[in-house]
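Asker: Below is a structure I'd like to ask you about.
The values are calculated or read from the model by the stated rules, or taken from the named source; none is laboratory data. These numbers come from a predicted model, not from an experiment. As a convention, Cβ positions derive from the backbone with ideal geometry for all residues, glycine included, and neighbour counts pool all protein chains shown. Protein only, heavy atoms only, side chains kept; ligands, DNA and RNA dropped before computing areas. Shrake-Rupley method; radii C 1.70, N 1.55, O 1.52, S 1.80 Å.
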Amino acid sequence: MNNLAIIQARMGSSRLPGKVLKELAGKPVLWHVIHRVKRSRMIDEVVVATSFREEDLEIVKYCADRGIRVFVGSDEDVLDRYYQAARLLEPKNVVRITADCPLHDADVIDRIIEKHISEDNDYTSNTMEETFPDGLDCEVMKFPVLEEAWKKAELLSEREHVTQYILKNDQYKKGCVVSSVYLGNERWTLDTAQDYKFISKVFDELYSDNQEFGINDICFLLKQNPDIREINSTTIRNEGLLHSLANDHTILSGGDKNESYTKIIQ
């Protein structure tokens, strides 16, 4: 397998509990994320990676009932969850996607994967320079690089946010895809009630005419209706990561801490 997309998903959220199964256009947010990622020409397989918390069994059941591969692993050690899910399928590259981004654009994902492969990078994303909307984040890493991070990462932020160890270490060859038009101020992710209101409005306006609407369609909509953008414009980007960094401390590394169920439900 060349490119495996792992979508991290959980029901727990302090600001918007159960957000990944909230409905947009009659389908759960998670369905839209999976559907949009599967449009990618470059991705060979998609796996949803959730935790063994009781509340996340709803995600497991949703995926299992629909034939979607789902992996159950550590709750807080998301790096371990990614590694354990990936090692079962042995891909060349792992594509990191989060389930709170129902406006993902497959063309953007493909651009990142293509750059990763053509430049033979260890890690490639569109996040090292934040020129894309928050909500279109995509990271690609070679599996051996993910494995090395799993073995060596010791900080809480590095275990929780998956790629922090890779980003902080200069020995890895990294690449970044930059938007031709700066959109770094746009917020298209789902973390608050205001985000849900914003994304619901986007779906209300675009989905019925074109279920595969993309980044250009959303930009045109917001240009014509700037009031929609204002719905969630005051929320801080990457607030969860900033909180983790502010409260960082050393924990056991991946080689010592392994709480995962090494099984994929099909």
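Asker: Would you list the P(r) distribution for the chain, with all Cα-Cα distances sorted into 10 Å bins from 0 and each bin expressed as a whole %?
Answerer: 7, 31, 39, 20, 3, 0
Asker: Next question, about the same structure. In whole Å, what is the distance between the alpha-carbon centres of segment 2-27 and segment 215-237?
Answerer: 21 Å
Asker: Another question, then. If we sort 209-218, 34-43 on the protection proxy, mean other Cβ atoms within 10 Å, highest first, what's the order?
Answerer: Most protected by this proxy first, the peptides run 34-43, 209-218.
Asker: Lys/Arg Cβ at +1, Asp/Glu Cβ at -1, dipole of the chain taken about the Cα centre: which of Ala86, Met11, Leu222 is farthest positive-ward?
Answerer: Of the candidates, Ala86 comes out farthest on the positive side.
Asker: Using θ = phi - 60° and the Karplus form 6.51 cos²θ - 1.76 cosθ + 1.60, what ³J(HN,Hα) does each residue of segment 133-146 get, whole Hz, x for Gly and Pro?
Answerer: In residue order, the calculated couplings are x, 5, x, 10, 5, 8, 10, 10, 9, 5, 4, x, 6, 4 Hz.
Asker: Along segment 148-160, what does the Karplus equation 6.51 cos²θ - 1.76 cosθ + 1.60 (θ = phi - 60°) give for ³J(HN,Hα), rounded to whole Hz, x for Gly and Pro?
Answerer: So the J values, rounded to whole Hz, are 5, 4, 4, 6, 10, 5, 10, 7, 4, 4, 6, 7, 7.
Asker: If you don't mind, another one. How charged is the neighbourhood of Glu139? Take every other residue with its Cβ under 11 Å from the Cβ of Glu139, and add Lys/Arg as +1 and Asp/Glu as -1.
Answerer: Summing Lys and Arg as +1 and Asp and Glu as -1 gives +1.
Asker: Once ligands and nucleic acids are excluded and a 1.4 Å probe is used, how much of Thr189 is accessible, expressed in Å² to the nearest 10?
Answerer: Estimated to the nearest 10 Å², Thr189 gives 10 Å².
Asker: Something else about it: Under 19 Å from the 7 Å Cα→Cβ point of Lys92, by amide nitrogen: which residues of segment 107-121?
Answerer: 109-121
Asker: Hey, another quick one. Where both partners of a DSSP beta bridge lie in the chain, what percent of those bridges are antiparallel, to the nearest 5?
Answerer: The antiparallel fraction comes to roughly 40 percent.
Asker: Still on this structure: Please build a GNM for the chain, connecting alpha carbons under 10 Å apart, and tell me which residue among Gln194, Gln84, Gln171 fluctuates the most.
Answerer: Comparing Gln194, Gln84, Gln171 in the GNM, the peak value goes to Gln171.
Asker: Then there's this: Can you give me the solvent accessible area of Glu129 with a 1.4 Å probe, rounded to the nearest 10 Å²?
Answerer: Number for this one is 100 Å².
Asker: Working from Cα positions, state the angle (0 to 90°, nearest 10) between the long axis of helix 193-206 and the longest principal axis of the chain.
Answerer: 60 degrees
Asker: Tell me, what is the 1.4 Å probe accessible area of Phe52, in Å² to the nearest 10?
Answerer: Probe radius 1.4 Å; accessible area of Phe52 about 70 Å².
Asker: Looking at segment 1-64, what % of the alpha carbon pairs are farther apart than 16 Å?
Answerer: I get 48 percent for the Cα pairs in segment 1-64 exceeding 16 Å.
Asker: Counting only protein heavy atoms, what percent of the accessible surface of the chain is carbon or sulfur at a 1.4 Å probe?
Answerer: C and S atoms contribute 45 percent here.
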